[in-house]
1. When Ile107 is evaluated against the numbered criteria (1) closer than 19 Å to Leu136 by Cα; (2) modelled with pLDDT of 95 or more, which criterion, by number, is the only one it fails?
2. Condition first: assigned to a strand (DSSP E or B) and open to solvent by less than 10 Å² (accessible area, probe 1.4 Å). Now tell me which residues in segment 51-78 satisfy that.
3. What number of residues within segment 12-40 satisfy the criterion of being open to solvent by 30 Å² or more (accessible area, probe 1.4 Å) and either of a type in the set (A, V, I, L, M) or not in a helix (DSSP H, G or I) (or both)?
4. Could you name every one of the strands (runs of 3 or more DSSP E) located completely within segment 101-162 that has at least 3 residues being over 16 Å from the mean Cα position of the chain (by Cα) and surrounded by fewer than 14 Cβ atoms within 10 Å (Cβ to Cβ)?
5. In this structure, does Val165 turn out to be at pLDDT 95 or above, over 13 Å from the mean Cα position of the chain (by Cα), β-branched (Val, Ile, Thr) and open to solvent by 60 Å² or more (accessible area, probe 1.4 Å)?
6. State which residue pairs qualify: first residue over 21 Å from Glu32 (Cβ atoms) and of a type in the set (Ser, Thr, Tyr) and inside segment 71-93, second residue open to solvent by less than 10 Å² (accessible area, probe 1.4 Å) and in a loop (DSSP other than H, G, I, E, B) in any location, beta carbons under 7 Å apart, and separation of 6 or more residues or different chains.
7. Going by what's in this entry, would Asp97 be described as touching a Phe, Trp or Tyr at 6+ places or on another chain (Cβ under 9 Å) and either within 17 Å of Gly147 (Cα to Cα) or outside any strand (DSSP E or B) (or both)?
8. Any residue in segment 36-61 that's at positive phi: show its pairings with residues that are among the charged types (D, E, K, R) and open to solvent by 20 Å² or more (accessible area, probe 1.4 Å) at Cβ separation under 6 Å, as long as the two are six or more apart or on different chains.
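The values are calculated or read from the model by the stated rules, or taken from the named source; none is laboratory data. Remember, it's a predicted structure, so these values are computed and weren't measured experimentally. Cβ coordinates were reconstructed from backbone atoms using ideal geometry, including for glycine residues, and neighbour counts include every protein chain displayed. Heavy atoms of the whole protein, side chains included, go into the accessibility calculation; ligands, DNA and RNA do not. Shrake-Rupley method; radii C 1.70, N 1.55, O 1.52, S 1.80 Å.
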Amino acid sequence: MNIKLLKKLHLYGTYKKFVLYRVNNTLAGTKEKNFEKKRKLLNSLDNFSLGEGTKVVGPLDVTGKLIVARNCWVGKNFSVYGNGTVTIGDNCDIAPDVSFITGDHQIGNTERRAGKGIINNISIGNGCWIGARTALYNNVGNSSIVGACAFVNKPIEDNVLVGGVPAKKIKDLV
């Protein structure tokens, strides 16, 4: 697919909708034969970069930019809210229903509390495991585990297990 031509013809938005529909509906799930098709289709879009061996279950909803390194697993109902960039390192496992919040606001005046918008970029280190129904607003260090249903609002260091709302260190990992 010639993306430059699609952009010149103002058809890129239609192509993007087609790709996301295909990934989220006709190819969603864990059939081994579909993983490479989904990866190639998503890599044809400007806001996706998925490394070799990365498997996306789908459906997914990404409004920002998603960069995933090699040999990762991205579970179903994966979301990136806001216009920021989410970068995920090698060999990471992302469970179902994980949300990355890359948009925020400064505190506004009494007339409107959600003030000026802020774009937040989030980075997940190599070898991480992010549990189901987790919401991430900040970075996670290498080889760390974020327990299910946690809310990460502060940076997480390397080699730790965190959980809770807000996420707190439960123990160091060896």
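1. (1)
2. So in segment 51-78, the residues assigned to a strand (DSSP E or B) come out as 55-56, 60-62, 65-68, 73-74, 78.
Matches in segment 51-78: Val56, Leu66, Val68, Val74, Phe78.
3. Narrowing segment 12-40 to residues open to solvent by 30 Å² or more (accessible area, probe 1.4 Å): 12-14, 16-18, 20-22, 24-26, 28, 30-33, 36-37, 40.
Narrowing the set further to residues that are either of a type in the set (A, V, I, L, M) or not in a helix (DSSP H, G or I) (or both) leaves 20, 28, 30-31.
Residues flagged as open to solvent by 30 Å² or more (accessible area, probe 1.4 Å) and either of a type in the set (A, V, I, L, M) or not in a helix (DSSP H, G or I) (or both) within segment 12-40 amount to 4.
4. Numbers: elements: 103-107, 114-119, 122-124.
So the answer is 103-107, 114-119.
5. Numbers: at pLDDT 95 or above: yes; over 13 Å from the mean Cα position of the chain (by Cα): yes; β-branched (Val, Ile, Thr): yes; open to solvent by 60 Å² or more (accessible area, probe 1.4 Å): yes.
So Val165 fits the description; yes.
6. Tyr81/Thr102; Thr85/Gly64
7. Answer is yes for this residue.
8. Gly53/Arg70
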